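Notes follow the structure.
The values are calculated or read from the model by the stated rules, or taken from the named source; none is laboratory data. Everything numeric in this text was worked out from a predicted model, so none of it was measured. Virtual Cβ from ideal backbone geometry, glycine too; neighbours counted across all protein chains shown.
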Amino acid sequence: MVRPIADASNADDSTPPERGPAADGGPGGTPRLRLVGPGIVVAATGVGAGDLVATLIAGSRFGTTLLWAAVLGCLVKISLAEAAGRWHLATGRTLFAGWASLGRWTTWYFVGYVVVWGFVYGATAMTSSALPLAALFPAVDLKLWAVAAGVVGLAFVWFNRYAVFERAMTVLVGVMFVVVVLLAALTVPNVPRTLAGLVPVLPDGSLVYTLGLVGGVGGTITVAAYGYWVNAKGWHGPAWIPVMRWDNRIAYLTTGVFVIAMLIVGAELLHAAGVALSTGDAGLLDLADVLRDRYGTWMSTLFMIGFFATSFSSLIGVWHGVSTMVADFVEHQRAERAARALGPQAPAAAPAAPAAEGGRERSAAFRGYMLWLTFPPMLLLFVDRPFALVLAYGVIGALFMPFLAGTLLWLLNSSRTPRQWRNGWLSNTMLTAAGALFLVLCAREVIGLFTG
């Protein structure tokens, strides 16, 4: 059993709070829209090209009947992100510090996850970012665009701190939002029929798509990174919890509008015309062709820009967020080794402070994991992915969300969390429902991997 380790979480921040929560919208103040930041980052990272395709296909097959599932998916992710952020602020410890207190099994799972998942995800993210660029500029090979996307993303996160990263993500979200909402408006949706989709129903053959909509809105491991981004924003301590909750809700409201708009596009533009999309991110290229035929080249080009913004925001979000978690993991491993060297009678040691002048963002572990996300996966751009690697990636990835929901339930209902900030009945209900949902999705994913 690993002993709980005190966490010097204040040391991971290069942007200290300037005036305090009361002045900026915490207790004694009113939350302001300008405070929204970490939530936008986690939402932008979580909504990738795969989510767009899944939502479009659901809309093209079932119209807006599954609108309720998209809304439910946003509520599930709000509860998960709120729990992660509340843990960081209420305890002053990072999420990995909490996991480490539950036993060494969490460490082994985390290591396997970030190594295997990161290797395959790196290639996937680079390819997704390259697809719209190759469609807009076909003279350059897709693989070269993918390599360029990875290198540019690496350089951007490497040389910039959180504040610049957050501003860039906000711009990319703005582009995504404007393009998708404009596209939905151009389809002139039937409003009464759309609103009828808020009534939960399951058309024949829709179960898989419903589970995908509920479970796929807004990210996986990036939900766990939310607490790290909250600290990077300069929010520390329970006084910031109301601000964090405001930030989280605004962000996932934006995500909800975004996903609903894509469902409307699938329903109004594809369902009515009987258009079938290709599987995977390439399905968005099919949509671009439909848009070109219906609205002209300008709309197709604008959509490609939005497609790139969606994919590239996910790329740099993972490069930053998961690398921060890996850096925290390395700090805790060093602290554990130091504690063992001092002997069993020594007090629990705090992790060493992150590298000066930039905290975790400038640490060797942070930058080393970014390199792992960027260069080794480039091999997968030029060769077929080995079956064993794809299998491991699918199993480990499918297990992460049940792992996250379960461990948050454990941590936030235990003495590790101050009593006033432990889960209430609503949080427990939502996290339990999320865990059950993701276990079903996990089982479906694993069965699919073995059955083909």
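A quick yes/no check of all residues on (1) touching a Lys or Arg at 6+ places or on another chain (Cβ under 8 Å); (2) farther than 23 Å from Ala49 by Cα; (3) assigned to a loop (DSSP other than H, G, I, E, B):
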residue: Leu182; (1), (2), (3): no, no, no
residue: Pro189; (1), (2), (3): no, no, yes
residue: Leu195; (1), (2), (3): no, yes, no
residue: Pro200; (1), (2), (3): no, yes, yes
residue: Val214; (1), (2), (3): no, no, no
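Can you confirm whether segment 322-330 contains a residue that is surrounded by fewer than 18 Cβ atoms within 10 Å (Cβ to Cβ), at pLDDT 90 or above, closer than 30 Å to Ala135 by Cβ and among the aliphatic types (A, V, I, L, M)? No, segment 322-330 has no match at all. Exactly one residue out of Leu379, Leu411, Leu371 is modelled with pLDDT of 90 or more, surrounded by 19 or more Cβ atoms within 10 Å (Cβ to Cβ) and among the aliphatic types (A, V, I, L, M): that is Leu411.
Candidates Gly197, Gly212, Gly218, Gly205: the one that is modelled with pLDDT under 80, small (Gly, Ala, Ser) and out of contact with any Gly (no Cβ under 7 Å at 6 or more places or on another chain) is Gly212.
Among the residues of segment 387-408, those identified as small (Gly, Ala, Ser) and at pLDDT below 85 are Ala388, Ala392, Gly394, Gly397, Ala398. For segment 125-172, a tally of residues being under 14 Å from Trp319 (Cβ atoms), out of contact with any Pro (no Cβ under 8 Å at 6 or more places or on another chain) and in a helix (DSSP H, G or I) returns 19.
Kindly evaluate Val175 against the criterion of being of a type in the set (Val, Ile, Thr), closer than 25 Å to Gly73 by Cα, under 26 Å from the mean Cα position of the chain (by Cα) and assigned to a helix (DSSP H, G or I). For Val175, the condition - of a type in the set (Val, Ile, Thr), closer than 25 Å to Gly73 by Cα, under 26 Å from the mean Cα position of the chain (by Cα) and assigned to a helix (DSSP H, G or I) - is met.
Looking at segment 65-72, is at least one residue crowded, with 18+ Cβ neighbours inside 10 Å, under 22 Å from Leu409 (Cα atoms) and of a type outside the set (Asp, Glu)? Yes. For segment 229-242, residues that are touching an Asp or Glu at 6+ places or on another chain (Cβ under 7 Å) and part of a helix (DSSP H, G or I) total 2.
Among the residues making up segment 291-321, those that are surrounded by fewer than 18 Cβ atoms within 10 Å (Cβ to Cβ) and without any contact (Cβ under 8 Å) to a residue 40 or more places away in the chain are Arg292, Asp293, Arg294, Gly296, Thr297, Trp298. Among the conditions (1) among the charged types (D, E, K, R); (2) within 30 Å of Gly448 (Cα to Cα); (3) surrounded by 19 or more Cβ atoms within 10 Å (Cβ to Cβ), the only one that Lys143 does not satisfy is (3).
With respect to being surrounded by fewer than 24 Cβ atoms within 10 Å (Cβ to Cβ), hydrophobic (A, V, I, L, M, F, W, C) and touching a helix residue (DSSP H, G or I) at 6+ places or on another chain (Cβ under 9 Å), Val157 falls outside the description.
Can you find even one residue in segment 289-305 that is within 20 Å of the chain's Cα centre (by Cα), modelled with pLDDT under 95 and either on the phi < 0 side of the Ramachandran plot or in a loop (DSSP other than H, G, I, E, B) (or both)? No, segment 289-305 has no match at all.
Residues of segment 110-139 that are farther than 30 Å from Thr407 by Cα and aliphatic (A, V, I, L, M): Met126, Ala130, Leu131, Leu133, Ala134, Ala135, Leu136, Ala139.
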